[in-house]
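In what follows, a single structure is set out as structure tokens and then discussed.
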Amino acid sequence: MRIMAYQFCVSGSMNQNYEQIESAIKQAKNQKVKLLVFPECALTGYPPRDIGSSSEADFTKLDEIYRRLQENCNLSDMYIIVGTIVRENGKYYDAAMLFSPYKKIQIYHKRALWGWDKDNFETGNNEGVFYADDWKIGIRICYEIRFPEFFRELYKKQTDLNIVMFYDVSDYDDVLRYEMIKSHVLTRAVENVTYTLAVNAISPFQTAPTILFDRSGQILCELERNTQGLLMYDLEKKKMDFGETGRKEVSDWLLSNS
């Protein structure tokens, strides 16, 4: 499966954000990409950095953008995962939205909330497991990378690929934070023996990577920090090697005895 992740400067302007997203979609179509992933809150901007609060999102405009994204999926036979703000029954959620060709939109609501998240969003309650053709995909959002339990849930579901959508930036060049979060993504890949893709916004300074790890923590592809760009990789379901098989057997044993 050819996958692509797009990192860019997410703003408070939905029009500007969608222009960037649409440009990435066109490039993905030309490259025959099957799965295209964008950062957390890529459509709306993240509150309060880009917009004052979650309630300030233009939900009428969002509905029109969702319609256009669905059309793109149908025409290109491509899956698109994008970060947005969802309003349901008067409550607001930090959400990952999966668009599939000729299928109903599916949504994952972020569950690990703290600080600005807790000020703006409700806690979700769905598991975040979806399909893109025969690939079982797990989705997690930003702060959830800090908690192995969220990814152990995905291990139990036997996902083939886990995706982490970030909006993790700083007002100064915090390289230490970048490397720390990168190590979290690597660890989640290794401990769950699962290909793991992360995608982040880039401005003012990017403090989480746009990167793809294999099941043993080897970097398959990584984008340059603080620079707009597209990560693309042809991902295959390869047979597990010796070390991967061992980690899976021990993990299964631990789970069966817990």
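Here are a few things to note about the model shown:
- Against the compact-protein benchmark of 2.2 N^0.38 Å, the Cα-based radius of gyration of the range 1-58 scales to 1.23.
- With every protein chain in place, the chain: carbon and sulfur % of accessible area (1.4 Å): 49
- Accessible-area ranking of LEU113, LEU235, largest first, probe 1.4 Å: LEU113, LEU235
- Global geometry of the range 87-225, whether rounded, prolate or oblate, following the gyration tensor of its Cα atoms and the 1.5 cut on a/c: oblate
- Counting only lysines at least 8 places from LYS238 when in the same chain, those with an alpha carbon closer than 24 Å to its own are LYS32, LYS34, LYS136, LYS156, LYS157, LYS182, LYS248.
- Cα-based values for the range 51-145, radius of gyration first and Dmax second, are 13.8, 40 Å.
- Accessible heavy-atom area order of THR60, THR245, highest first, probe of 1.4 Å: THR60, THR245
- Cα centroid of the range 102-142 to Cα centroid of the range 40-93, whole Å: 13
- Exposed chymotrypsin sites (Phe, Trp or Tyr not before Pro) absent - longest run of the chain, DSSP non-H/G/I/E/B, at most 12 other C-beta within 10 Å: 1-101
- Direction-averaged projected area, Cα convex hull, the range 154-216: 3.9 nm², rounded to one decimal.
- Accessible area in the full protein assembly, largest first, 1.4 Å probe, for ARG67, ARG215, ARG140, ARG247: ARG67, ARG247, ARG215, ARG140
- Using the Cβ-Cβ distance between LYS104 and ARG68 with R0 set to 22 Å, the FRET efficiency works out to roughly 0.85.
- Solvent-accessible area per residue, Å², over the chain with all protein chains present [probe radius 1.4 Å]: 45
The values are calculated or read from the model by the stated rules, or taken from the named source; none is laboratory data. Just so you know, these numbers come straight off a predicted model, no measurement behind them. Every residue, glycine among them, receives a Cβ derived from its backbone with ideal geometry; neighbour counts consider all protein chains shown. Note: areas computed on protein heavy atoms with side chains; ligands, DNA, RNA excluded. Shrake-Rupley method; radii C 1.70, N 1.55, O 1.52, S 1.80 Å.
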